[in-house]
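Engineer: Submitted below is the structure of interest, expressed as structure tokens.
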Amino acid sequence: MEVMSEPRPQLPFQTLGVHLKYLREQAGQTLAEVSGAVEIDQNVLEQIETGQERPAEDVLLLLINYFDTPDREADQLWQLAGYDSEAIGRINGSDDAVKSVVLLLAQDLRAQYTDGIDISYNEAGVNLTFTQATGQDQTTPVARVGMSYEQAAQVSIALQRALLQARYNRGPHALPPESQQ
């Protein structure tokens, strides 16, 4: 007796996920690197890439910008996500039909503690990716900062001063005693 199995239903955003995964792999990036760069949970990015979940508009814009996706491909990704193609405007601003896209990000001023750093550079400046060890020979990005070469030189000088002060001014940091009147 032959049992015929029904074809597995395609996930609603599987084609979008396949394209996003292809972009990530072509960039030579891991799930952890991309999720850290666009500041989403790694499991959420994995669900997006498998088509189980649709990325929010702001997350999709971040991914499109992160991978420096050409306008035509960005429009296709936007449509695969089921968003109105007019809402995206032109990400690179190369078309006459430019629409403004406002992206508000909440600032998180909590200190991120790190045990590693990756430094890369290009013609625009320096990128610092602070990492945290997560297991055997694995790290996860916890913060990423980009700056011009001039600003990087100023940061280097300020860091050197802070390290020298920390090394040679190790005495107690207390208020001086009150003066006798």
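Engineer: Peptides 133-144, 24-35: what's the order by average Cβ count within 10 Å, highest mean first?
Structural biologist: 24-35, 133-144
Engineer: Using only the heavy atoms of the protein chains and a 1.4 Å probe, how would 119, 64, 157 rank by accessible area, largest first? Mind showing how you got there, number by number?
Structural biologist: Numbers: 119 110, 64 0, 157 85 Å².
Most to least solvent-accessible, the answer reads 119, 157, 64.
Engineer: Next question. At 0.36 nm per residue, minus the direct Cα-Cα distance, what do residue 66 and residue 136 gain on full extension? Give it in nm, one decimal, please.
Structural biologist: Values: separation 70, 0.36 × 70 = 25.20 nm, distance 2.75 nm.
Answer, rounded to one decimal: 22.4 nm.
The values are calculated or read from the model by the stated rules, or taken from the named source; none is laboratory data. Quick caveat, the model's predicted, so the values are computed rather than measured. All Cβ positions, glycine included, derive from the backbone under ideal geometry; neighbour counts span all protein chains shown. For accessibility, only protein heavy atoms count, side chains too; no ligands or nucleic acids. Shrake-Rupley method; radii C 1.70, N 1.55, O 1.52, S 1.80 Å.
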